[in-house]
């Protein structure tokens with residue numbers, strides 16, 4: 001269960017979207033893009049560690065290793 005601060009944030013974000021229909025999308029896209037970038041950076045660091053490649057394969061249940069050459073090399 002989330003605390004009330006999370007609910008407050010959601011309420012503020014909804015209000016911001018309603019008041020700023022031309023601004024919120026850019027902010028939201030930048031946030032989502034940053035999440036993908038951070039995940040990719042983490043994967044690259046993990047693969048370089050001892051057993052990291054195997055951990056990544058296990059965590060994401062990767063079966064088609066050929067399809068993930070760029071990630072796993």
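Annotations for the structure displayed:
- Computed from Cα atoms, the angle from the helix 24-48 axis to the main principal axis of the chain rounds to 20 degrees.
- Using alpha-carbon coordinates, inclination of helix 4-19 to the longest axis of the chain, degrees: 70 degrees
Rule-based calculations on the coordinates, nothing more; no lab input. Note that the coordinates shown come from a computational prediction; the quantities given were computed from them, not determined experimentally.
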